[in-house]
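Just so it is clear, none of the values below were taken in a lab; they were calculated from the coordinates. Being a predicted model, the structure only gives us computed values, none of them experimental. When we count neighbours, we look across all protein chains shown, and the Cβ atoms used for this are built from the backbone with ideal geometry, even at glycine.
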Amino acid sequence: MSLETCAEIVRQGDPDRFLATMAAPVALRPRLFALFALNLEVARAPWVSPEPLVCEMRLQWWHDGVEAIGQGRRAPRHDVFEALEGALSARDAQTLLALIAARRGDIGRTGFSDEAALARYLQATSGGLMWVAARLCGTREDDARGEAAVREIGQASGLAAWFMAVPALSARGLSPLPDPAPEAIRALARDALARLAAARRRVPAPARPATRTGWRAQKTLSLAAANPAAVIGGSLHISEFSRKL
């Protein structure tokens, strides 16, 4: 396994998670970098080609590798799979398979019918990813209360990231928000902020390096709640100094 390869994939494609992972204990970093590299590759797959079949094939390859690990079989040779072999339980693998299934919806470019559909998508993607990261940090699989809290933080973090991606998605001709009206955006942001505040009090100690990857969420959601037009206009940014700090 090449730690450097996985870390570089994350550094280039997901700099916020890269910074947060570098703040985690050294022993946890290889598996976290592999997990986040997997997430990045899966997130990119629906956009690799205008041909849906090509995107489906790419996602299926990642699906098959994760499924193999979950079943204790040998996955295709890849730095990501080599790092995750022996680290994922069968249930962890199922969570990642749900994430991949949710990403299949991106291939159709159909958007979300309502806020509940967007919430399900964010829960399966960002929520599921953060929970698997927490598991790799040592959180018990049977900690239902902790799982609920971690998933809430993941979902709120996912909404913050989604808000930031709205201009780019809209530029591709997509409709990333079920309702782009300012009051609808404000309501989504405020609800996520409330959930985020409540969930943070219930996070188990081993999961904290994982939930730290959502460090940008509160600031971004607060900006969206105060100024929903910033979501559409693409001005939900913090300074580079603040990011590094």
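The loop-placed trypsin sites (Lys or Arg not before Pro) in the stretch 127-197, going by DSSP, that have at most 15 neighbouring Cβ atoms within 10 Å of their Cβ come out as Arg140, Arg172. Net charge dipole, the stretch 1-108: roughly 180 debye, given to the nearest 20, about the Cα centre with Cβ charges of +1 for Lys and Arg and -1 for Asp and Glu. Shown here is the pair-distance distribution of the stretch 127-245: with all Cα-Cα distances grouped in 5 Å bins from zero up to the longest one, the shares run 2, 12, 21, 20, 17, 14, 9, 4, 0 percent.
The trypsin sites (Lys or Arg not before Pro) of the stretch 1-67 include none that meets both conditions, a loop assignment by DSSP and at most 13 other Cβ atoms within 10 Å of the site Cβ. Where the centre of each part is set by its Cα atoms, how far does the stretch 106-131 sit from the stretch 13-76, in angstrom? Cα centroid of the stretch 106-131 versus Cα centroid of the stretch 13-76: 17 Å apart. Near Ser126: Cβ cut-off under 13 Å, other residues only, Lys/Arg at +1 and Asp/Glu at -1. The net charge is +3. Summing Cβ point charges (Lys, Arg +1; Asp, Glu -1) relative to the Cα centre of the stretch 131-218 gives a dipole of roughly 320 debye. Here, the chain yields an orientationally averaged convex hull projection of 12.5 nm² when only Cα atoms define the hull.
As a proxy for reagent exposure, Cys6, Cys137 were ordered by neighbouring Cβ count within 10 angstrom, fewest first; the result is Cys137, Cys6. The modelled label-to-label distance between Ala165 and Met22, using points 7 Å beyond Cα along the C-beta direction, is 2.3 nm. The modelled label-to-label distance between Ala87 and Glu115, using points 7 Å beyond Cα along the C-beta direction, is 3.6 nm. Remark: the chain carries a charge dipole of roughly 660 debye about the Cα centre, counting +1 on each Lys and Arg Cβ and -1 on each Asp and Glu Cβ.
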